[in-house]
Amino acid sequence: MNAADIIILLPLIVISAAAVIVMMTIAFYRSHVLTSVLTIAGLAAAFIALLVISPMAPRSVTTVLIMDGYALFYIGLVIAAAIAVSALSFDYLKGRACNQDEYYLLLLLATLGACVLAASSHFVSFFLGLEILSVSLYALIAYLRVSERGNEAGLKYLVLAGASSAFLLFGMALVYARFGTMELAQVAQNSGAEKDLMLFTGLALIIVGAGFKLAAVPFHMWTSDVYEGAPAPVTAFVATVSKGAVFALLLRYFTVVDIRNYTALFAIFTIIAISSMFTGNLLALMQNNIKRILAYSSIAHMGYLLVAFLASGPLAINAVSFYLAAYFVTTLGAFGIITILSGKDRDADELNDYCGMAWQRPWLTGIFTAMLLSLAGIPLTAGFLGKFYVVTAGANSALWPLVIILVITSAIGLYYYLRIIIVLYEQPEHEGPGPMLQHVTLTGHFVMTALAVMLIWIGVYPSPIISIIQAAVAGLK
């Protein structure tokens with residue numbers, strides 16, 4: 001590895017260095033404020049490093065990592081989301097009966113794992129990145145040890161993630177046995193025989209492992225319990241960074257391998273997409289916990305993404321990337337509201353906690369409403385353009401049954417989003433602030449306002465981000 005290889009890895013090196021600095025700081029001097037500042041500063045420095053190295057891309061670092069425009073875009077998306085989560089976490093953790101400092105160390109390591117996934121070009125980096133991300137999430141999900149729901153969620157995620165890793169490793173072993181290589185590009189180029197049983201079995205097992213991380217049906221069993229039990233900012237991280245990084249890797253591989261040439265794999269992904277869209281939306285209708293509603297909603301959104309994924313081609317890549325960017329902003333905003341309004345005893349995740357919120361906090365209510373309308377795909381929001389892009393990609397590839405199902409299930413989803421909005425604007429039954437409507441600091445207001453501006457900006461004037469995405473994915477076409 002030469003100097004140029006080291007420089008191109010600067011964002012990953014900066015995040016790793018930030019984790020070491022935070023760890024050493026915790027060892028000698030515990031300060032929640034200092035640890036939070038160091039974490040956000042490290043992530044911001046890593047984001048700036050992306051801009052510095054972008055003229056050097058694309059460049060492969062051995063056969064394990066590739067830092068091209070596509071990787072830089074997704075790494076930037078992951079880091080930006082991690083900065084938002086870190087900022088929201090400060091007030092959330094303040095005053096809670098736990099050691100706040102180690103939380104930021106775990107968050108940095110999880111972000112590093114997600115970045116490695118986005119830049120992965122080899123099964124080894126794929127697995128290492130996934131495990132760095134997963135092991136950090138085990139602890140983050142159960143970080144509030146006094147919470148029984150949190151401990152249960154952490155244990156469930158640990159057991160199921162371990163099982164999914166076993167499927168993933170066995171699938172990689174079969175693919176390696178078939179081709180004698182672990183490089184994704186070579187595997188993709190050699191994947192020419194549909195009737196190759198060993199290859200098909202290996203890919204199917206890898207899909208099982210990746211499907212768990214994406215929480216796509218039928219690998220979704222953990223989602224609602226983990227979303228409900230995890231701390232609100234951790235739930236935001238799981239819903240965005242964890243899923244986005246895995247989807248970025250899958251998209252990179254299947255861009256080279258046109259999935260439409262593999263009837264069996266195409267059928268499997270089609271069934272997963274349809275099941276996710278119906279299951280996610282129908283189960284969300286029966287929930288009274290906002291975290292669980294958003295959990296099942298996220299399952300449906302993975303189904304929507306798979307429609308564009310199955311379309312293949314340049315338009316599909318752009319559609320998936322744009323949808324993920326919009327989904328990141330919207331989901332961070334929705335869970336951000338839950339985070340900043342949560343008390344020290346429990347999260348503000350029950351539907352009744354938000355009854356009449358519009359009469360007490362009109363600004364935050366407006367932001368929450370915008371986020372929910374974006375998730376529903378209402379015009380003038382990022383979510384609407386994301387779904388429009390996905391529908392266009394599906395229609396362009398003549399996937400009409402999937403497009404029709406997407407439209408029908410989106411209409412079903414509109415019901416439970418509107419249900420939350422109606423509760424927000426109901427006349428409150430009591431005077432004064434609700435029990436969970438805690439004091440919101442300037443940091444909370446700033447982060448939520450920034451996310452709301454991003455939401456409307458992407459929905460009204462998407463040209464800049466579309467241009468960035470087109471330039472980023474140009475090398476994959």
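Every number here is computed from the coordinates shown, using simple stated rules; none is lab data. None of the values given here were measured: they were computed from a predicted structure. Note: ideal-geometry Cβ built from the backbone for every residue, glycine included; neighbour counts use all protein chains shown.
Calculated mean residue ellipticity at 222 nm for the chain: -24500 deg cm²/dmol, from DSSP H runs with n ≥ 4 weighted as -39500 (n - 2.57), summed, divided by the residue count and rounded to 500.
Look at where the Cα atoms of segment 1-69 and of segment 282-336 average out, and the two centres are 28 Å apart. Taking every Cα-Cα distance in segment 98-182 and sorting them into 5 Å bins starting at zero, the pair-distance distribution P(r) comes out as 3, 15, 19, 20, 18, 11, 7, 4, 2, 1 percent. Evaluated with a Cβ-only charge set (Lys, Arg +1; Asp, Glu -1), segment 114-267 carries a dipole of roughly 80 debye about its Cα centre, given to the nearest 20.
Scattering from segment 283-322 was approximated by placing one identical point on each alpha carbon and applying the Debye formula without solvent; log10 I(q)/I(0) at 0.16, 0.19, 0.20 1/Å stands at -0.48, -0.58, -0.60. Taking only the Cα atoms of segment 6-90, the radius of gyration and Dmax are 14.0, 41 Å. Each Cα pair under 8 Å and six or more residues apart adds its sequence gap; the mean of these over the residue count of segment 258-477 is a relative contact order of 28 percent. The chymotrypsin sites (Phe, Trp or Tyr not before Pro) of segment 359-422 include none that meets both criteria, a DSSP state outside H, G, I, E and B (loop) and at most 14 other C-beta atoms within 10 angstrom of the site's C-beta. Placing +1 on the Cβ of every Lys and Arg and -1 on the Cβ of every Asp and Glu, with no other charges, gives segment 258-477 a dipole of roughly 540 debye about its Cα centre. Farthest toward the positive end of the dipole of the chain, out of 233, 86, 272, is the Cα of 272, where the dipole comes from beta carbon charges about the Cα centre. In terms of its C-alpha gyration tensor, segment 211-295 has an oblate overall shape, because the principal axis ratio a/c (a ≥ b ≥ c, square roots of the eigenvalues) is not below 1.5 and a/b does not outweigh b/c. Electrostatic tally near residue 302: other residues with Cβ closer than 15 Å to its Cβ, Lys and Arg +1, Asp and Glu -1, net +3. Considering only 333, 181, 167, the residue lying farthest towards the positive end of the dipole of the chain is 181, judged by Cα position with unit charges set on Cβ.
Viscosity 1.306 mPa s, temperature 10 °C: Stokes-Einstein D of segment 258-477 from its Kirkwood Cα radius, in µm² per second? Here the translational diffusion coefficient equals 88 µm²/s. Counting other Cβ atoms within 10 Å as a rough exposure proxy, the listed residues 400, 457 run 400, 457 from fewest neighbours to most. How high is the relative contact order of the chain, in percent, counting Cα pairs under 8 Å that sit 6 or more residues apart? The value is 15 percent. Near residue 125: Cβ cut-off under 13 Å, other residues only, Lys/Arg at +1 and Asp/Glu at -1. The net charge is -1. Of the cross-linked pairs 213/344; 156/291; 94/243, those separated by over 23 Å at the C-alpha level are 213/344; 94/243.
Between 300, 51, 287, whose Cα lies farthest towards the positive end of the dipole of the chain when Lys and Arg beta carbons carry +1 and Asp and Glu beta carbons carry -1, centred on the Cα centre? So the residue furthest toward the plus end is 51. Computed from phi, the 3J(HN,Hα) profile of segment 303-316 under the Karplus parametrisation 6.51, -1.76, 1.60 (θ = phi - 60°) reads x, 4, 4, 5, 4, 5, 4, 6, 5, 6, x, x, 4, 5 Hz, with x in place of Gly and Pro. Assuming charge only on the beta carbon of Lys and Arg (+1) and of Asp and Glu (-1), the dipole of the chain about its Cα centre is about 440 debye to the nearest 20. Summarising the amide proton neighbourhood of residue 61: residues at separation of 5 or more, or on other chains, whose placed amide H is nearer than 5 Å comprise 66, 67.
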